[in-house]
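First up is the structure itself, then whatever we jot down about it.
The values are calculated or read from the model by the stated rules, or taken from the named source; none is laboratory data. All values derive from a computational prediction rather than experimental measurement. Don't worry about glycine lacking a Cβ; one is built from the backbone with ideal geometry, like all the others, and counts go over all protein chains shown.
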Amino acid sequence: MPDPFFEGADDYETGLPTLRTARLQLRPLTPADDPQIVDVFSDERSLETWFRPPLASVDQARAYRDTLQEGFGRRSLFIWGVFPTEEADGTLAGIGILTRWSPVHRRIDLGYYFASHYWGRGYATETARGLVDFSFGSLGCHRVEAEVVPGNDASVRVLERAGFVREALLKERLWGDDAPQDSMLFRLLRTESQTAAAS
Amino acid sequence: MPDNPFEAGLPTLEAERVLLRRLTPGDDAGLLRVFGDAETMQWWSHGPFTDLAAATTYRERIDYGLRSRSLFQWGIVARDGGLLMGTCTLSDWSSTHRRAELGYILHRDHWGQGLASEAVRAVLDFGFGTMRLHRVEADVDPENTASIALVERLGFNREGYLRERWWPHGTPQDSLIFGLLATDWPPAP
């Protein structure tokens, strides 16, 4: 079966490319990052809109990285650690996510998560733009989708600043906090994005 | 209530005129008939199969989807005579979010008799019942008026118009997204 871009790479740490934006380095997570992975994923404020349980130990961080390896191998999940260059080396601020890649339908889903300490600096918008560029440029995508829970205004603004357009309100599509949550679907097309001018 | 409704494989579902069951190698010729017909395939996410090998590969992928619990695709079979008429699918199952996506296809020879509706109802009964889904969604070509009518009759709500979401035949294709919640199943008669 064709394996566009990754061409048979089976190791997440060496196969997922490092991406660079103006102030951020996006790279695969490694064992050395485990303590910071715990910090980032035990931030109560951030977890409120994340709908996944916190990570409480380096063992759980390692198990989490195992899922990233598995997802990379299946080409179904790509997660980068986001490291701001204006912080000390190895300071993990959050993650950037591409998932549900369909090379046939040239479509992919985008997400991100940042520890609350790093909110308000524009990192999520910069990460989103970097992942959009990678999707359209390297992965040959035509359409990127993102989901946000209504009420998460900060995340809506991130997507809008990155050029996304709201397309649909999907009723009770997510299950979080033991109750159904609506989600808003946003899209960005290659032909709509600023990347179109560059490529 | 079983934790894993698929522990013993794909359960057979029964309706009045159709059965829904796991596809087997003996179905490959029937799959080619359904998925090889251009008119039948005009609303599908890829073009028609051109040979038996394509049908075999497709069925093997369905088997893989069952084993990995990501895709549940039943053959729609006439109770009277056993003819394979199409398939019905729940895909992208998220047990975390209690949600799956509905799909179906019926060979054009069997259109207009309510058979697709009957098959879809049986799958939704199973989805909302045994699988304990909270939400089922359906992605439909905006020009597929028959499917739009079918899902709306079953209570699906149109939630959005999605631009250029598919590349079935070499050019981008829009779609409509519909959602149906367990609280709205079954539909009022």
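Key figures
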{"read-out": "Filter result for B:W44 (under 19 Å from B:M131 (Cβ atoms) and of a type in the set (F, W, Y))", "value": "no"}
{"read-out": "Test: residue in the range A:156-169 that is surrounded by 20 or more Cβ atoms within 10 Å (Cβ to Cβ) and facing another protein chain (nearest Cβ under 9 Å)", "value": "yes"}
{"read-out": "Matching entry among B:G9, B:G75 (being on the phi > 0 side of the Ramachandran plot, of a type outside the set (D, E, K, R) and in contact (Cβ under 8 Å) with a residue 24 or more places away in the chain)", "value": "B:G9"}
{"read-out": "Residue in the range A:32-46 that is modelled with pLDDT under 95, within 25 Å of A:Y118 (Cα to Cα) and loosely packed, with under 14 Cβ neighbours inside 10 Å present", "value": "yes"}
{"read-out": "Members of the range A:47-72 that are surrounded by fewer than 13 Cβ atoms within 10 Å (Cβ to Cβ), modelled with pLDDT of 95 or more and among the charged types (D, E, K, R)", "value": "A:D59, A:D66, A:E70"}
{"read-out": "Test: residue in the range B:118-126 that is under 24 Å from A:G176 (Cα atoms), small (G, A, S) and in contact with a Leu (Cβ under 7 Å, 6 or more places away or on another chain)", "value": "no"}
{"read-out": "Residue among B:R108, B:R121, B:R135 that alone is within 12 Å of chain A (Cβ to nearest Cβ) and within 17 Å of the chain's Cα centre (by Cα)", "value": "B:R135"}
{"read-out": "Test: residue in the range A:49-60 that is farther than 25 Å from A:S155 by Cα and touching a residue at least 60 places away in the same chain (Cβ under 8 Å)", "value": "no"}
{"read-out": "Selection from the range A:83-134 of residues that are within 14 Å of another protein chain (Cβ to nearest Cβ), more than 13 Å from the chain's Cα centre (by Cα) and on the phi < 0 side of the Ramachandran plot", "value": "A:S102, A:P103, A:V104, A:H105, A:R107"}
{"read-out": "Single match in B:G127, B:G114, B:G155 (criterion: surrounded by fewer than 18 Cβ atoms within 10 Å (Cβ to Cβ) and more than 14 Å from every other protein chain (Cβ to nearest Cβ))", "value": "B:G114"}
